[in-house]
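Chemist: Structure in structure tokens, see below.
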Amino acid sequence: MRFLRRSTTDTAAEEPEAAEAVDVAGKAYTPGKGKATPKRREAEAKRRGPVAPPPTTMREAMKRNKELRKANPQNKEERRAAAKARRDAMMRGDDKALLPRDRGPVKRYVRDLVDSRRNLLGLFMPLAIVVFLALLVPLPQVQSYITLLCTAMLLVMAIEGFVNGRKIARLVREKFPKEPVNGRSIGWYAFVRASQIRRLRMPKPRLKPGDPIPN
């Protein structure tokens, strides 16, 4: 009945093979952690703590922004410095800092044409102040005279703005023959520029009245 038993020699020969199989399996198999590895964003959020819910009212949003500014005074100073730098660049006429409506050599040329001459349109804002003050005068006769004068001035300004707009559009077409020039757009841009007080114009005028236009 010996053939029913396993020989000691066979058992000893199989044991190294089993041990080798266990070693190979141990090297190739890595037991699971039991949970998924957290993403980097989740780990950072966990370190920062719970995220505050978004503000539900404008007042709450303003209050939260005020608290953030108090907590980070350095950022406030940096924002002020950046805003000042942008404003200075706009005043200089730097294309990168200008609004899209003011960018490009065509608009710069229009500004130079307007700034190099005196226009009645420059009295538009002072005239509006005069009209407002006239309404406060309790004399109907004075009010009627001032209203008539201001109406005549506005009519002359409108005619001047129309004529100057057409003239500036023609000069722009001659200066930039390859550029698509919209006469109405150029005329309106020149009209708005001329109606502003010189000190308040942005970008700041490069030329004084009577100066030649640079090439």
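The values are calculated or read from the model by the stated rules, or taken from the named source; none is laboratory data. Remember, predicted model here, so these are calculated numbers, not experimental data. Virtual Cβ from ideal backbone geometry, glycine too; neighbours counted across all protein chains shown. The protein model used for the area step is the full one, side chains on, heavy atoms only, and it has no ligands, DNA or RNA in it. Shrake-Rupley method; radii C 1.70, N 1.55, O 1.52, S 1.80 Å.
Chemist: Please give the FRET efficiency for R198 paired with I129, using the beta carbon to beta carbon distance and R0 = 22 Å, rounded to the nearest 0.05.
Modeler: Working from the Cβ atoms, E equals 0.85.
Chemist: Would you mind getting me the FRET efficiency between D112 and R69? Use the beta-carbon distance for r and R0 = 35 Å, nearest 0.05.
Modeler: That pair, D112 with R69, gives E of 0.30.
Chemist: Of K167/K204; K84/K204; K178/K204; K107/K208; K84/K107; K107/K204, which sit over 21 Å apart, Cα to Cα?
Modeler: K167/K204; K178/K204; K84/K107
Chemist: Something else: Taking the full set of protein chains and a 1.4 angstrom probe, give the accessible area of D88 in square angstrom, rounded to the nearest 10.
Modeler: Rounded to the nearest 10, the figure is 60 Å².
Chemist: Sticking with this one: With each label point set 7 Å from Cα along the Cα-Cβ vector, what nm distance links T56 and T147?
Modeler: Taking the simple label geometry, T56 and T147 are separated by 5.3 nm.
Chemist: Follow-up. Can you tell me the order of 152-164, 126-138 when each peptide is scored by its average per-residue count of other Cβ atoms within 10 angstrom, highest first?
Modeler: In decreasing order of mean packing, 152-164, 126-138 become 152-164, 126-138.
Chemist: Using 0.36 nm per residue, how much length does the chain from A81 to K96 gain when fully extended, once their Cα-Cα distance is taken away?
Modeler: Extending this stretch completely gives an extra 3.7 nm.
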